[in-house]
1. Tell me, yes or no, whether segment 84-98 has at least one residue that is under 16 Å from residue 9 (Cα atoms) and either at pLDDT below 95 or surrounded by 15 or more Cβ atoms within 10 Å (Cβ to Cβ) (or both).
2. Looking only at strands (runs of 3 or more DSSP E) that lie completely in segment 1-88, which have at least 1 residues being over 14 Å from the mean Cα position of the chain (by Cα), closer than 16 Å to residue 102 by Cβ and free of Cβ contacts under 8 Å to residues at least 12 places away in the same chain?
3. So which residues in segment 99-128 are outside any strand (DSSP E or B), at pLDDT 50 or above and crowded, with 20+ Cβ neighbours inside 10 Å, if there are any at all?
4. All but one of (1) closer than 21 Å to residue 12 by Cβ; (2) modelled with pLDDT of 95 or more hold for residue 48, so report the exception by its number.
5. Going by what's in this entry, would residue 65 be described as at pLDDT below 95, within 14 Å of residue 20 (Cα to Cα) and crowded, with 21+ Cβ neighbours inside 10 Å?
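The values are calculated or read from the model by the stated rules, or taken from the named source; none is laboratory data. Note that this is a predicted model, so its numbers are computed, not measured. As a convention, Cβ positions derive from the backbone with ideal geometry for all residues, glycine included, and neighbour counts pool all protein chains shown.
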């Protein structure tokens with residue numbers, strides 16, 4: 001039986017600072033919103049822009065790293081999986097939410113801040129948990145030289 005693939009790759013800007021908390025098992029979890037913007041020309045040739053907001057949930061050591069280095073407006077590259085869940089709101093209505101979940105199988109790369117601000121840390125902390133040791137791991141964030149947040153073209157999704 002074939003299994004499916006559920007992978008989301010996003011580069012965008014944080015809509016708010018991460019909110020870090022710990023669940024009853026002691027595991028860290030951070031939540032924030034991420035904006036991705038698509039630029040295109042419409043049928044009449046006019047430049048258009050469309051922003052999509054994503055709910056991001058990061059678990060474990062990556063959540064603690066995100067909380068330490070990510071700030072509202074900062075740019076980040078992340079890899080995770082899409083998860084859909086439901087809950088009952090205060091009025092008892094069922095609500096549905098889609099999230100990109102970054103866990104020990106995901107990746108988080110902090111890119112430079114927006115407009116030269118310190119945002120996500122201009123140091124370009126790479127907090128990925130990929131298998132390439134030059135990319136760092138969830139427990140060992142590496143600091144590349146200033147101005148080079150991504151160390152190789154293999155890190156780019158395109």
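1. No, segment 84-98 contains no residue that is under 16 Å from residue 9 (Cα atoms) and either at pLDDT below 95 or surrounded by 15 or more Cβ atoms within 10 Å (Cβ to Cβ) (or both).
2. Once the strands (runs of 3 or more DSSP E) in segment 1-88 are filtered for at least 1 residues that are over 14 Å from the mean Cα position of the chain (by Cα), closer than 16 Å to residue 102 by Cβ and free of Cβ contacts under 8 Å to residues at least 12 places away in the same chain, what remains is 19-22.
3. If the condition is that a residue be outside any strand (DSSP E or B), at pLDDT 50 or above and crowded, with 20+ Cβ neighbours inside 10 Å, then 106, 111, 112 are the ones that fit.
4. The failed condition is (2).
5. yes
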